[in-house]
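Presented below is the structure to which this report refers.
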Amino acid sequence: MSTRLNIQEVDPAAYQPMFALEKYIHSGELGEALLALVKTRASQINHCAFCLDMHAEEGRKAGVQQRQLDVLAGWREAPNLFSPRERAALAFTEEVTQIGAGGVSDEVWDAVAAEFSQTEHVQLLMAICAINTWNRLAVATHQALPERD
């Protein structure tokens, strides 16, 4: 599959709002490990190979256990591998990513509210929205995986 469009080459300014959003997200209180889990889970749902590759690697560097990454798509079946905070974030990620399937349930919203401050709740929602936008950009343009040694 070849890249359809290289957004960065066509208009380098196009990504600037996304980079600003990422700066906001990563300057918050969520932590890199949780962000990597959220970004990887959304990327699984959206079938974004480019983002899966990137965020799984970021997760490993941030201390996410390989076993967590290995079973992430089935996290509900392995609750002992994920903290209540991680489980709340993953359920929220799934419902926001698949928003058209029924919105975000009160149960999931309340679980996030119980585990995260309001500021963190905003940061988490923005992180989920950002990764969904990145996934759509990468999948739509057939963004190629980077070469690795």
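Which residue, of HIS47, HIS55, is part of a loop (DSSP other than H, G, I, E, B) and under 21 Å from ARG67 (Cα atoms)?
From the options HIS47, HIS55, the qualifying one is HIS47.
Taking GLU107, is it exposed (fewer than 11 other Cβ atoms within 10 Å of the Cβ), part of a helix (DSSP H, G or I) and out of contact with any Leu (no Cβ under 6 Å at 6 or more places or on another chain)? First the steps, then the outcome.
Values: exposed (fewer than 11 other Cβ atoms within 10 Å of the Cβ): yes; part of a helix (DSSP H, G or I): yes; out of contact with any Leu (no Cβ under 6 Å at 6 or more places or on another chain): yes.
For GLU107, the condition - exposed (fewer than 11 other Cβ atoms within 10 Å of the Cβ), part of a helix (DSSP H, G or I) and out of contact with any Leu (no Cβ under 6 Å at 6 or more places or on another chain) - is met.
I'd like the full set of residues that are more than 16 Å from the chain's Cα centre (by Cα) and surrounded by 13 or more Cβ atoms within 10 Å (Cβ to Cβ), limited to the range 66-81.
Taking the range 66-81 first, the residues more than 16 Å from the chain's Cα centre (by Cα) are 66-67, 76-81.
ALA78, LEU81, listed by residue number.
Please specify each residue of the range 12-42 satisfying the condition of being closer than 26 Å to GLN98 by Cβ, in a helix (DSSP H, G or I) and of a type outside the set (A, V, I, L, M, F, W, C).
Of everything in the range 12-42, those that are closer than 26 Å to GLN98 by Cβ, in a helix (DSSP H, G or I) and of a type outside the set (A, V, I, L, M, F, W, C) turn out to be TYR15, PRO17, GLU22, TYR24, HIS26, GLU32, LYS39, THR40, ARG41.
State yes or no: is GLY102 buried (at least 21 other Cβ atoms within 10 Å of the Cβ) and either within 13 Å of the chain's Cα centre (by Cα) or more than 28 Å from ILE7 (Cβ to Cβ) (or both)?
Here the answer is no, as GLY102 does not meet what is asked.
Does ASP11 count as closer than 24 Å to THR141 by Cβ and at pLDDT below 95? Talk me through it step by step, then tell me what you get.
On the way: closer than 24 Å to THR141 by Cβ: yes; at pLDDT below 95: yes.
Taking the combined requirement at face value, the residue satisfies it.
I want to confirm something. Restricting to the range 111-131 and keeping residues that are surrounded by fewer than 19 Cβ atoms within 10 Å (Cβ to Cβ) and within 17 Å of ILE45 (Cα to Cα), which single residue is farthest from the chain's Cα centre (by Cα)?
It comes out as LEU125.
The values are calculated or read from the model by the stated rules, or taken from the named source; none is laboratory data. Note that this is a predicted model, so its numbers are computed, not measured. With ideal geometry, Cβ positions are generated from the backbone for all residues, glycine too; neighbour counts draw on all protein chains shown.
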